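Every read-out reported here was derived from the displayed coordinates using simple, explicitly stated rules and does not represent laboratory data. Values in this document were obtained by computation on a predicted structure and should not be read as measured data. Because the Cβ atoms are built from the backbone with ideal geometry, glycine has one as well, and the counts that use them run over all protein chains shown.
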Amino acid sequence: FNPFYTADGLFDIEKRESVKTLILTLWKRDDEPPSRSEEVALSNAVNLYLEHIGRHPEHKPSFNGFYRFVGRDYRRLLRQKNVREKDFDIDNSFYEGGEYDYLLNSDKELDLLHKRFIVFELDNIKDHKILLPIVTIIIMETYIGKMRRLKGVRKVILIEECWKALTSANMS
């Protein structure tokens, strides 16, 4: 899955918020809410990365690309503005070489928006504290995208055992 991919190439406010929520979920544990300065730093980083992608269409948007941007260009900007770097310290287990680097760095542009029937099988990850929240965000983003963009098309979302995701403070 590539969280930065959009079928129409647009990064509206919902897509930006979805990416920000996903990264916050990767960054912070359930019992560790982000500070306001961390949220602002992340929001700025996402917006600047998307602007960067807009200026450089040869760069495909991806989580690895975002992480490289943060490590290079955004850190330089933080130093110029005298922002404490600790307010933006993303764990790299989802970046190249990390334990979950395969999850958010697909080079395939999977268009879930126009698929008529999608099944997300959660049995294997229903108790996984890291993967379940991320997959839940991906599912919700897919559904919200369909709701907003596919006018006049009947849509149904069925989430078996959704209570598992809802028991988490971050996900509910």
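Peptides 51-61, 98-108, 146-156 ranked from most to least packed, by the mean per-residue count of other Cβ atoms within 10 Å: 98-108, 51-61, 146-156. A protection proxy built from the mean count of other Cβ atoms within 10 Å ranks the segments 110-117, 64-71, 137-144, most packed first, as 64-71, 137-144, 110-117.
I'd like to compare 123-136, 36-49: which one has the highest average count of other Cβ atoms within 10 Å, and what's the full order after that?
Details: 123-136: 14.9, 36-49: 17.3.
Descending packing order for the listed peptides: 36-49, 123-136.
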